[in-house]
1. Can you work out ³J(HN,Hα) from phi for every residue in the stretch 167-177, in order, using Karplus 6.51 cos²θ - 1.76 cosθ + 1.60 and θ = phi - 60°, giving whole Hz and x for Gly and Pro?
2. Please report the spacing between the Cα centers of the stretch 48-115 and the stretch 153-205 in Å, no decimals.
3. Show me, for the stretch 240-245, the HN-Hα J-couplings you get by feeding each phi into the Karplus relation (A = 6.51, B = -1.76, C = 1.60, θ = phi - 60°), rounded to Hz, glycine and proline as x.
4. Of the listed peptides 143-154, 48-59, what is their order by residue-averaged count of other C-beta atoms within 10 Å, with the highest listed first?
5. Lysines near Lys79 by alpha-carbon distance under 20 Å, same-chain residues fewer than 8 away left out - which ones?
6. Given only helices, namely DSSP H runs of n ≥ 4 each adding -39500 (n - 2.57), what is the per-residue ellipticity at 222 nm of the chain, to the nearest 500 deg cm²/dmol?
7. Holding the Cα-Cα limit at 29 Å, pick out from Lys22/Lys74; Lys47/Lys241; Lys95/Lys180; Lys74/Lys95 the pairs that are longer than that.
8. Can you tally the net charge around Asn110? Count Lys and Arg as +1, Asp and Glu as -1, for every other residue whose Cβ sits under 13 Å from the Cβ of Asn110.
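Every number here is computed from the coordinates shown, using simple stated rules; none is lab data. Bear in mind that the values here come from a model prediction, so they are computed numbers and not experimental data. Heads up, the Cβs are rebuilt from the backbone with ideal geometry, glycines too, and the neighbour counts pull from every protein chain shown.
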Amino acid sequence: MQYVLNDDKILIAGAGGLLGAKLVKQALSQGAQVIAADINLDLMREKLETLNVDLSTTVLRLVQLDLTSEEAVKEFFSKQTGISGAVNSTYPRNKAYGAHFFDVSLDDFNENLALHLGSGFLFTQQCAAYFKRNKSPFSLVNISSVYGVVSPRFDVYENTSMTMPVEYAAIKSAVLHLNKYAVAYVNDSRFRVNSVSPGGIFDDQPEVFLNSYKSYTHGQGMLNVEDILGSVLFLLSEQSKFVTGQNIIVDDGFSL
């Protein structure tokens, strides 16, 4: 069997999350060595165990890492060797996140941008610095969103308590340009930064929302996490060797 990530060492930040944990399992199945990082080591371990990931394997290392801490991120990268790719699937936010537009305070807006976009900048910056020190091929995949590409379809949230947070739109659209900035600044074919922009991912949302959302797709509706993984693995692999500064939208036509 030919593996997509044969012996590549991949860093997955946010490995205790909905996307990150399944990405760890899939990357291991494709021959990668994986560094699984998350701010909460115990919860990450529990999540991976529920997916039947072998935590004793020598090709998996679990580390605690807070992407909102500049000191922690810089220290982490200073101690690493051999990393060829990274994925940032973290989702830091404060307790007020998710409020409707007119209920969002400036302080909360600024704090959520600092947490999510700020940590994304820090991670991207330090991946670039790591590449500059080591001069070996490196592929970074940042996770954006369909709502980083198109304006929200607010009608899908009618008759629910849900909304599409304004901070999310600002952050995910900014991630796309941050990618382009980073690769243009480094200006080396061996350092690549790309994004995957998923449509909605199923996470036990209300039925009325699921039906409304589905009406904008070509029939699938909300996606499963597994539907996103192939695009991420492609961007991490040599199969996308000269793909850089790009964004792959996986949404079953929702953004059309």
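1. My calculation for the stretch 167-177 gives 4, 4, 4, 5, 5, 5, 6, 5, 4, 4, 7 Hz in order.
2. 15 Å
3. 10, 3, 10, 8, 8, x
4. Going from most to least packed, we get 143-154, 48-59.
5. Straight-line reach from Lys79, under 20 Å: Lys9, Lys132, Lys135.
6. Mean residue ellipticity, 222 nm, calculated: -11500 deg cm²/dmol.
7. Distance filter (> 29 Å) returns Lys47/Lys241; Lys95/Lys180.
8. Net local charge, Asn110 excluded: -3.
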